[in-house]
Structure formats: C-alpha cells, structure tokens
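Data first, discussion second: the structure below is written as structure tokens.
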Amino acid sequence: MDWLLDPFQVSFVRQALWAGILVSLICAVAGTWVVLRGMAFLGDAMSHGMLLGVALASLAGVNVLVGGLLSAAGMALGVSVLGRSPRLSQDTGIGLLFAGMLALGVIVVSHSRSFAVDLTAFLFGDVLAVGRDDLAGLGVALAVTVVVAALGHRAFVALAFDPRKAHTLGLRPGAAQVLLVGLVTVAIVASFHIVGTLLVFGLLIAPAAAAALWARAIPKIMLGAALLGIVSTVTGLVVSWHAATAAGATIAAAAVALFFVSAAAGLLRHRLAARTGAPS
Amino acid sequence: MSETAFAMTGGRVSFEGKPVLRGIDLTVRPGEVVALLGANGSGKSTLVRALLGLTPLSGGTTLVYGSPPARFRDWWRIGYVPQRLHVGGGVPASVHEVVASGRIARQSRFRRTSAADRAAVASALEAVRLADREGDPVQSLSGGQQQRVLIARALAGEPDTYVMDEPTAGVDAETQKLLADTLSALVLDGKTVVLVAHELGPLEPIITRGVVIREGRVAHDGRPPRPEGDCARPGHEHQHPHAAVEPGAGPLTGWQGDPR
C-alpha cells in the first residue's frame, strides 16, 4: 500500500488533498444543479470569462477574487439580458459573452506585459501550492454553498420541475434562478485560483453526472457526487505523483474517467437485468 | 364582503409589437365555473397567464383577490393546472414528488412535511386514481396520466380557485370523465373554477358561464351554449339554439374559428 500512501507523506500533497476534498464538496452541491438544469455551458463560460475580471483586478492591484466575482456576475447578468431577446437562443448568448470576455481578458494580459496574471495558472491552477489561508477560504465557501443550497432547495426543485407553476406557488422563479447562478458563481470563484478553471469545471460536471446515473433523489446525487469527487482527487494525486504528470489536470481526467466507468457499469447492469428478466 | 377571485380591466398584452389581448374586461366571482372558449390563437391561454401574473400586461390592470399579482401573497388560494407537464430536463421526479410540490404555497420556508401535507397528497392521488403509481417517475406515464398528476398537484394545495389550461386536450376518455367528476365535486364544495377549453365535452353540464374570446376581445360572456341533437356530438360546430333565422348569425357563431 506504499504506492497509495507515499504521496501523502509530503505536506504539500496533503494540503492539495484537503483542497481537492473541499472543492469536491463545493462542486458536488453546485454541480448537481448545473447538471440537472443543463447549465454546463454557462458554467464553462463563467469560469473562463472570469479571466477579464481577474486580469483587470490584478492590474489594479485589487484582490483577484473580487475581480473574478465581478466578471462572473457580469457574465451571468449579460446572459440574462441577452436571453430576453426572442431572436437569440440562450446558447448563442452564452457563446458570445464567453468568446468576448475571454478574448478581452487575453488582450489585457498580453498588453500589460506584466506577468501578474499567469494564463497557465489561471487555467490549470497550482493545486500543489495550496496554503492554509486558501484552505480556510475554501471552508468558508463550502459553508456558504451548503447554507444557500439548503435554504433554496425547495425553490430550486420547483423551478426545475415547472417554472410556471413555481410562480403560482408563491415562489419567485426569477429570484431562485439568480440564487442558483450565484451558487455556481461562488463555487467557481472560490475554487479557481487554487485548482484552476479547468479542474473546477471538471469537478463541477463529471462527478454529478456520474452520480445522476445511479441516484434519483437530489440529495443522494449530491452525496454521490461528493464521494466521486473525493475519489477522483485521491486517484489524480496518486497517479500524478507516480507518473509525474500535472496534478490538477490528472484529477480532472480521473473525474471524467470515473464518469465513463460509472456509465459502463450502469449499461452492464441494464444488460444483466434484461437477460435475467422475463423472456419476451 | 364577497371577494372577487380575478378582476381584469382593459387588459392588453402584446408580443413583439403584435397585440394578443386588445382590452379585456373580466371579473370572476367566488363559486363561478367559467369556461374561456375560443379558437386557437384567440388569446385565451394568454388571458389565463395574464390573470395569474405569468404574463405581464402592456395595458390595463388585473387583480388576484384584490391585489396585483406581483404583490399577491396568498398563492395557496390558487391552484394552477398548466397545459402539459413541463419536461424538466434531467430532474428526476416521481409522481409523489410532483404532487407534493403542490403544497409549497402552504408551507413555511423551514418546513417539515406535516401530517396535513401527507394527508392532502394522499387524498389528491386517490382522487385522480394514481395512488398505485406514486413512486414511478413521472416521465414514464402516459399523457393522460401526466395530466392527472398536474390536477392532483393542484388538488393537494387545497386552494379556493382552480385555473386550468386546456385540461382535456389530448387526454383519454377515462381521464376526461375523471376530470368532470373531480370538477363536479369541487363545484359542490363551493370552489371557483376558471378553465380554458377548446371544446367542453363532458364538462358542459358543470360550466355556469362561458366567455368567448375572439381576436383578443371578449365576444360573448354569459350562459354557455347548450348542444342539442346533432350538436351534442363532440367536435361538431356549435351554434346558439336561438340564433337568428339565418344559421350562423348568432353571437357564438364561429367561436371555434371557422373562417368567414
């Protein structure tokens, strides 16, 4: 079992493990809604479009988290405004803002000629450089995420079932949608500077998608997603230690691989059930 | 003081510059069973959505139990049955969960599902005869059964007023009969019903008032037409029994949209 425990003898890998676990928990809660509500593209666009805010914040000497938060919120607002136009599908609106904000972000970074913002770090993070302050920040984000998800749960479920009925039940579908997008924003902003936008997105989608294949109740999907996210983190860190690959990307790859394993297992289960079922 | 369930004055709705409702005056009082009739495209579904505040008015006012919909707080008094089940993406939902969501308007935010909630859901499922399919995913039901789930969801909330958008559209005969029986029971209980219908079928005897919408305006508001003889066959063009000598000249002629 040395091969499994060796990596974690080193403190920075242990910190990375904690970071990965906290991010997995945050992304399990937010990601379940992203998958169930079909918000993957919006989530991706927000995580990359944030570059504009991060770059500007870095230039202005302001905390990059603030910049990230403002630009993610700005993109969500932009998508909502564009979505009101009957001629533009939401998909196209998201694509436009994604391309625009990411392009502007790269322009700002390349033009400023300072290396204050490292594009590689933005995309892929540096999960092996996690410090105690970062872990504390993630802990706070996790607490906020869990509280918002718990309070908004009934409204989110009603919104997902039927927005028209949600209105006549006295809920406010508009406010619930804003809260849901806010939840996803918190998950992305809290995690990206530690694990990079690629890994955040991977942990947002893959574990929840895999869990949704097996569980039907939403809290169970979140639990399954949390477990799968943690397994992906451990797997990714162990593999990257022994194979000397980039840790963050390996975790993301492990998460997606686990999805396909889960899907294959589900398919196998159906085939076996069909075979042992009643003859046609 | 008798409260008016819905009161719309001069209601106008436009989509992309095209007028859909061109000035509707409509009042629904407690205990009435109102059928909103009209051809496809006449604006009747839009009218219902405007009454509930789902579609904003571009002119005129509308009140729900005396308040504008945006400021209305007692949504548990309204039971809305939309036209068909919104296939909510990947969200897995059992029949029980969908029906139970009808109780939300009565529950406080930090709700625990109470015994009253459970009893209301159980009796709603019994009323639509879907108690045996309680645990099944709602997407696995037939169209008629899904419609019954939507009706049960409204029943579970125990509202004062039911608003139903084409409840009999495309459903099997058993469901139509069940709906007629359910509505009769509600009416006996003194509930108010507003329903949008293209054709009344088995619901005819229950309706107390027929409002015909044509091209965004109220063309007739009063007793619904009673089918006689040939006209009792479903799908037959209805004409007012006391129409003028020339058939087709009465106020309800052409409400099903036949071109003149």
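Examine the range A:107-127 for a residue that is in contact (Cβ under 8 Å) with a residue 12 or more places away in the chain, within 30 Å of B:Glu16 (Cα to Cα) and aromatic (Phe, Trp, Tyr), and state whether such a residue exists.
No: zero hits.
Can you go through A:Val62, A:Val66, A:Val54 and tell me which one is at pLDDT below 90, aliphatic (A, V, I, L, M), under 19 Å from A:Ala121 (Cβ atoms) and not in a helix (DSSP H, G or I)?
So the residue among A:Val62, A:Val66, A:Val54 that is at pLDDT below 90, aliphatic (A, V, I, L, M), under 19 Å from A:Ala121 (Cβ atoms) and not in a helix (DSSP H, G or I) is A:Val62.
Being part of a helix (DSSP H, G or I) and β-branched (Val, Ile, Thr) is the filter; apply it to the range A:5-42 and report the residue that is farthest from the other protein chains (Cβ to nearest Cβ).
Step by step, filter the range A:5-42, then rank; the result is A:Val13.
So which residues in the range A:147-162 are free of Cβ contacts under 8 Å to residues at least 60 places away in the same chain, more than 16 Å from B:Arg112 (Cβ to Cβ) and within 7 Å of chain B (Cβ to nearest Cβ)?
Passing the criteria: A:Ala158, A:Phe161, A:Asp162.
Could you say whether any residue in the range A:50-68 is more than 23 Å from A:Asp133 (Cα to Cα), surrounded by fewer than 20 Cβ atoms within 10 Å (Cβ to Cβ) and in contact (Cβ under 8 Å) with a residue 24 or more places away in the chain?
no
Quick one: which helices (runs of 4 or more DSSP H) lie wholly within the range A:163-280 and hold at least 1 residues that are in contact with a strand residue (DSSP E or B) (Cβ under 7 Å, 6 or more places away or on another chain) and without any contact (Cβ under 8 Å) to a residue 12 or more places away in the chain?
Result: A:163-168.
So that you can scan it fast, the table gives a plain yes or no per residue for (1) over 16 Å from B:Tyr80 (Cα atoms); (2) more than 11 Å from chain A (Cβ to nearest Cβ):
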{"site": "B:Gln107", "(1), (2)": "yes, no"}
{"site": "B:Ala122", "(1), (2)": "yes, yes"}
{"site": "B:Glu126", "(1), (2)": "yes, yes"}
{"site": "B:Gly135", "(1), (2)": "yes, no"}
{"site": "B:Gly143", "(1), (2)": "yes, yes"}
{"site": "B:Gln147", "(1), (2)": "no, yes"}
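Scan the range B:62-105 for residues that are part of a helix (DSSP H, G or I), at the interface with chain A (Cβ under 7 Å from one of its Cβ atoms) and among the β-branched types (Val, Ile, Thr) and jot them down.
Residues satisfying the conditions are B:Val98, B:Ile104.
Quick one: count up the residues across the range A:151-162 that are among the hydrophobic types (A, V, I, L, M, F, W, C) and outside any helix (DSSP H, G or I).
So the count comes out to 0.
Based on what the data block shows, is B:Val187 part of a strand (DSSP E or B), of a type outside the set (Asp, Glu) and touching a residue at least 24 places away in the same chain (Cβ under 8 Å)?
Judged against the criteria, B:Val187 is not a match.
Among the residues of the range B:137-156, is any charged (D, E, K, R) and surrounded by fewer than 20 Cβ atoms within 10 Å (Cβ to Cβ)?
No, that holds for no residue.
The values are calculated or read from the model by the stated rules, or taken from the named source; none is laboratory data. The structure displayed is predicted, hence computed values, not measured ones. Backbone-built Cβ (ideal geometry, glycine too); neighbour counts: all protein chains shown.
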